[in-house]
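Remarks on the structure that follows.
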Amino acid sequence: MKRHTVLILLGVALSVVCLLPAANAQQSAKIHRLGWLANLSPKFPPYQAFQDALRELGWIEGKNIILEVRWANGNFDRLPELARELTALNVDLLFVGGDQGVRAAKQATDTIPILVGACDPLESLVVSIARPHGKATGVTCISSDLAGKRLQLIKDLLPSVGRLAVLYNPNDRNKAIELKEVQQAAVDMNLTVRAFEARSPAEIDSAFLEMAGDRQQALIALADSLMIFHVKKLADLSLKHRLPTIFGFREFADAGGLMSYGASLQWAYRRAASYVDKIFKGANPGDLPIEQPTKFDLVINLKGAKALGLTIPSSLLATADEVIE
């Protein structure tokens, strides 16, 4: 065999040997499995924001990530069962939302890391916001701390208001904390507050009838998964009963309601995707601080105001981050 032929063969052999590690690495690259316990329905816009953010970060379903999703579609009694289904699949990370989702996840596993998207204190899940420790972390949009600001916005809109209703779901443990914040802020503003409970759509209807009969002058609806799922119902009932209402998320104003003040759920779900990215790249969930928002938006719907027969003060309009006309 001629010398140049031998050299060519040796070169080919070396090339094959060099390529083998890369090929083996590609074959052995892990496809991560994300278990997603979704309280609401696939049509909820922040859910789409979460999936879009995952793709932007390079997580392509079927290529390097598998999404195992269980949709509760507003049936929160199913959350424990759905959480058990996901943990039985041995997912690498469990993504859950709200107090009900947190409880279902904690009951289902003590070994799988948990990523939480919630709007209230997470002391039941983590040691501290800065250093969660353990196997859990997440994003909080903060709600209870904004009680005083929401009350002040109602006062700015209705300076003579004296009677204020608070609608909340007692099945969400964190709403009791938020209710106390509202009650304390109301005392400081010389407002009379009455709380109305709603655990289901039917109880939302009956609560509004009771508010109307009690001649309440305005309403703060405390946001949780139940209220968010029925945000259109809340908006419609508030206008029907001519009850000026403020909610925690812009989805209420988008649905026709009067006013919202709070963090962006779109922001929260996009940030949750960044935590998935970090954890799947090797970060320890317990070392990742729980992220909190730094921006809160006031959204006012002028059509809602017109339906209520209200004129929004120019000073309040000037402070709004968005006015829906």
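The values are calculated or read from the model by the stated rules, or taken from the named source; none is laboratory data. Worth saying up front: this structure is predicted, and the values here are computed from it rather than measured. Glycine gets a Cβ as well: all are built from the backbone with ideal geometry, and neighbour counts include every protein chain shown. Side chains included, ligands, DNA and RNA excluded: accessible areas come from the protein's heavy atoms. Shrake-Rupley method; radii C 1.70, N 1.55, O 1.52, S 1.80 Å.
Summed over the range 148-173, residues that are open to solvent by 20 Å² or more (accessible area, probe 1.4 Å) and either hydroxyl-bearing (S, T, Y) or farther than 20 Å from L258 by Cα (or both) total 5. Taken together, the residues in the range 185-212 that are of a type outside the set (A, V, I, L, M, F, W, C) and at pLDDT below 95 amount to 2. Within the range 171-208, being basic (K, R) and either closer than 18 Å to S143 by Cα or within 24 Å of the chain's Cα centre (by Cα) (or both) holds for R173, K175, K180, R199.
Residue-by-condition table, conditions (1) closer than 24 Å to K149 by Cβ; (2) among the aliphatic types (A, V, I, L, M); (3) not in a helix (DSSP H, G or I):
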position	(1), (2), (3)
F196	yes, no, yes
A202	no, yes, no
M211	yes, yes, no
R215	no, no, yes
I228	yes, yes, no
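Scanning the range 222-241 for residues being among the small types (G, A, S), at pLDDT 95 or above and over 17 Å from L164 (Cβ atoms) gives a total of 1.
Could you check the range 84-104 and list, in sequence order, the residues that are of a type in the set (A, V, I, L, M) and farther than 19 Å from N169 by Cβ? Listed by number, the residues that qualify are L86, A88, L89, V91, L93, L94.
Counting the residues of the range 38-75 that are closer than 21 Å to A223 by Cβ and over 15 Å from the mean Cα position of the chain (by Cα) gives 1. Residues in the range 132-158 that are over 16 Å from the mean Cα position of the chain (by Cα) and either assigned to a loop (DSSP other than H, G, I, E, B) or among the aromatic types (F, W, Y) (or both): P132, H133, G134, K135, L158.
Restricting attention to the range 178-217, which residues are closer than 29 Å to D77 by Cα, open to solvent by 50 Å² or more (accessible area, probe 1.4 Å) and either aliphatic (A, V, I, L, M) or in contact (Cβ under 8 Å) with a residue 60 or more places away in the chain (or both)? Those that are closer than 29 Å to D77 by Cα, open to solvent by 50 Å² or more (accessible area, probe 1.4 Å) and either aliphatic (A, V, I, L, M) or in contact (Cβ under 8 Å) with a residue 60 or more places away in the chain (or both): A202, L209.
Yes/no matrix, rows are residues, columns are (1) under 25 Å from L40 (Cβ atoms); (2) hydroxyl-bearing (S, T, Y):
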{"position": "Q183", "(1), (2)": "no, no"}
{"position": "T192", "(1), (2)": "no, yes"}
{"position": "I220", "(1), (2)": "yes, no"}
{"position": "S238", "(1), (2)": "yes, yes"}
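Note on the range 1-105: enclosed helices (runs of 4 or more DSSP H) holding 2 or more residues that are surrounded by 15 or more Cβ atoms within 10 Å (Cβ to Cβ) and at pLDDT 90 or above are 45-56, 79-88. Inside the range 106-131, residues that are under 18 Å from the mean Cα position of the chain (by Cα) and modelled with pLDDT under 85 make up a count of 10.
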